[in-house]
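Engineer: Input: one structure, supplied below.
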Amino acid sequence: MVCGLTSCLGSGAAGGLFSSAVQFFAATQCLVGETWPKDSVLQNGSRYDFIIVGAGTAGSALAARLSEVANFSVLLLEAGGDPPIEAIIPAFRETLKASSVDWNFTSVENNITSQALKRGIEQQPRGKMLGGSGSLNHMVYARGFPSDYHEWASIAGETWNWTNVLKYFMKTEHMTDTNIVNNPELMVYHGRGGAIEVSGTNEVMFSIKKFLQAFEELGFKTVPDMTYPNSIGAGCFSHTIRNGERDSSLRALLNNANSTSLHILKDAFVTKIIIENGTAIGIEAVKDDEKFLFYADREVILSAGTFNTPKLLMLSGVGPSEHLRSLGIDVIADLPVGSNLHDHAMVLAFLVADNGTCVSDEAENSMEAIKYLYDRTGFLAKADNMAAYLPLSSSEPTVPEFALYPTCIPQFSPFRSGCLTLGLNEDLCTELHNLNQEYELVTIAAVLLKPKSRGKVELNSINPFDDPLIYAGTFSEEQDLDHFPRLIKMAWSIADTNYFRSKNARVIKPWVEACSNLTESAWIKCMSRAMVTSAWHSVGTAAMGTVVDGDLKVLGINGLRVVDASVMPKIIRGNTNAPVVMIAEIAADLIKEHYSVSRTGTNLNNMTIGNLTASSMPNISQPNINLADVIENNDMINSSLIEVEITNVELITTTDRLSDIDDTVNVA
Ligand SMILES: Cc1cc2nc3c(=O)[nH]c(=O)nc-3n(C[C@H](O)[C@H](O)[C@H](O)COP(=O)(O)OP(=O)(O)OC[C@H]3O[C@@H](n4cnc5c(N)ncnc54)[C@H](O)[C@@H]3O)c2cc1C
């Protein structure tokens, strides 16, 4: 167990009871558990084709995909160990923050924002365990919108256009949310049979139903699919949950990877990339106080996340020359590593309402723990939540610029510890806690999805064990702040809708010293500046176009790629986990193609089509042959034996010759 469970549920007095019951059963390890990949026994100085640093959302997916190629050897190093049981049970997600499986990063104090935050800084939780932040996130499944990827494609090339990325989102996805599965118009955009389950819930919580009604009254369309690319509104998210358990890239991909070609080293802290004559040839790592060197014959791939990837690059001599020289680091490549840090900016608005506003039958039911342990259903199996997406103006209703995420908190909730974990200061959390002793609280997180502000990550020192310096840069562009009066007033207007009015909901303006005696709009701006926090979606610190190219290769260095959230040139309009998995899926195919193996792991040079070999057919024996695309269009079935119908083969230039052969193409 990683921390006290009483802080986790936010679901009233019953929460502690569920927690204790589950804690008891979980402690016995008999009913909730998972077999995680074993630590490999490795010789110091060993060589691998690929070394991947970080087994997070991206690293877990990438390692699994590369290990599909039997003759690739892959080493995956992870600074953390196995996830705790709380990482499996969806309702315990909050307990993982500020625990030993969190890197517990914070931003640097800037004296401009964060006056109402503890120590004047933003908390930046990040997973330090197998699965990385994918093992502690909130499991919301989102993708961003087509225009996000039009932007990426204009910066980094057509690999990243919407049509292509959609194919990869669908490849990994196993959609089971019945609201979506039963609607053919929606299913056009979803995958079935992929590794990661994306599920919905048939029993929407009482308070979520009330919020949906409220947003409808406020003029929002209720949408059945929050990932639908052509319209926006308010709706429930689907989640990466399978049978009531978190379904991350760790559980769905790495756990099922080919263990003969994949070697995993846990609790191994990578301290440096070894770069010789402009080529990355290996890494240095520390495990159990022992220093290890491992060598890569083909590539070193960094998947250490938005904060640690730039740190490692800079420690290894790749970064802004001035900064590196100031620390005495020899500059190997002068690149803007660490700059372009950005995140969705989140400000909480608060209402209080009568007791009973948030009533949820499930939350009051002390049988929840048993229910969960019996068949993985009920409150503990869920990460139920919803949002309303808002456009900048009504003329662009298909693209959101903002989101509102409401939560209803029953009286006497263990709200205070969650409030402190989020990073609000003692006074504020105490004030809200006291209100919660008398009323139910409604919090509405108002989120700016496309900030213009940028921060940066820098090295604190040349000691690899020092945390990086995170200059969040929030509201460094005043225009970002200018949106908040409208957003917060929209959030407050929930109090004026039928149900919440009937519960005497009213706006609470918590006391923020820096903002006393201001008019309303000025107060909102001041309070937003003081209370703004990260929405935990930081990206961009090794961005495509400036640090890596469209194939994710670090500019000017051979054998070095970055595959994680740091390559996003611009943040997408939505939660970032599925897009990071998509990045890893694309990276795996780019790498396989680069080394002339098909996307399912077959060496294209050995491929046979009917009684012909690939090499006997000049038009399809090139490493970039169209046949790979033909196969790819069919490999969603995740099979090592692929049968491609001859009608699909017509896509390629050798149609004439292929029409003479069997009607299937077998790739063993
Ligand atoms: C609290 C929280 C809630 C979130 N909720 C959602 C959500 O509901 N939906 C959603 O879509 N997104 C969500 N996100 C965002 C999403 O989880 C991240 O964008 C995504 O996980 C990032 O993946 P990554 O591979 O870039 O980094 P990570 O998953 O963080 O992986 C980096 C890995 O590298 C390891 N590592 C770092 N440095 C080293 C080193 N030196 N040596 C060895 N290993 C190292 C880390 O331990 C970690 O395992 C959330 C994030 C957080 C923090």
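Engineer: Just to check I understand the Karplus step: with θ = phi - 60° and J = 6.51 cos²θ - 1.76 cosθ + 1.60, what whole-Hz values come out for region 412-423, glycine and proline as x?
Structural biologist: 6, 6, x, 5, 4, 5, x, 5, 5, 5, 4, x
Engineer: Still on this structure: Averaged over every viewing direction, what's the projected area of the C-alpha convex hull for region 264-323? Give it in nm², one decimal, please.
Structural biologist: 4.8 nm²
Engineer: Also, quick follow-up: For Y141, which sequence-distant residues (separation of 5 or more, or a different chain) have an amide H within less than 5 Å of its own amide H, given hydrogens modelled in the peptide plane?
Structural biologist: Hits under the 5 Å cutoff: S238, H239, T240.
Engineer: Given N residues in region 161-218, what is Rg(Cα) / (2.2 N^0.38 Å)?
Structural biologist: For region 161-218, the normalised Cα radius of gyration comes out at 1.40.
Engineer: For region 389-432, take the alpha-carbon Rg, divide it by the Kirkwood Rh, and send me Rg/Rh.
Structural biologist: When Rh is taken as the Kirkwood radius, the ratio is 1.23.
Engineer: What's the local net charge at L324, with K and R +1, D and E -1, over the other residues with C-beta under 9 Å away?
Structural biologist: Taking every other residue near L324 into account, the sum is -2.
Engineer: Whole Å is fine, so just give me how far the alpha carbon centre of region 68-102 lies from that of region 308-332.
Structural biologist: What the calculation gives is 28 Å, centre to centre.
Engineer: Still on this structure, I have one more. Need one value: the accessible area of K489 in square angstrom, 1.4 angstrom probe, rounded to the nearest 10.
Structural biologist: Looks like 80 Å² after rounding.
Engineer: Further, regarding this structure: By what distance, in whole Å, do the Cα atoms of region 354-507 stretch along each of the three principal axes, largest value first?
Structural biologist: Largest first, region 354-507 extends 51, 47, 35 Å along its Cα principal axes.
Engineer: Which peptide among 505-511, 471-477, 232-238 comes first, and what is the full order, when sorted by highest mean count of other Cβ atoms within 10 Å?
Structural biologist: Taking the mean over residues of other Cβ atoms within 10 Å, the ranking is 232-238, 471-477, 505-511.
Engineer: Please report, largest first and rounded to whole Å, the three semi-axes of the ellipsoid equivalent to region 86-213, where each semi-axis is the square root of five times an eigenvalue of the C-alpha gyration tensor.
Structural biologist: For region 86-213, the semi-axes come out at 31, 23, 17 Å.
Engineer: Using a 1.4 Å probe on the protein heavy atoms, what percent of the accessible area of region 90-248 belongs to carbon and sulfur?
Structural biologist: Result for region 90-248: 49 percent of the exposed heavy-atom area is carbon or sulfur.
The values are calculated or read from the model by the stated rules, or taken from the named source; none is laboratory data. Remember, predicted model here, so these are calculated numbers, not experimental data. In this analysis, Cβ positions are derived from the backbone assuming ideal geometry, glycine residues included, and neighbour counts consider all displayed protein chains. What goes into the accessible areas is simple: the full protein's heavy atoms, side chains included, and nothing from ligands, DNA or RNA. Shrake-Rupley method; radii C 1.70, N 1.55, O 1.52, S 1.80 Å.
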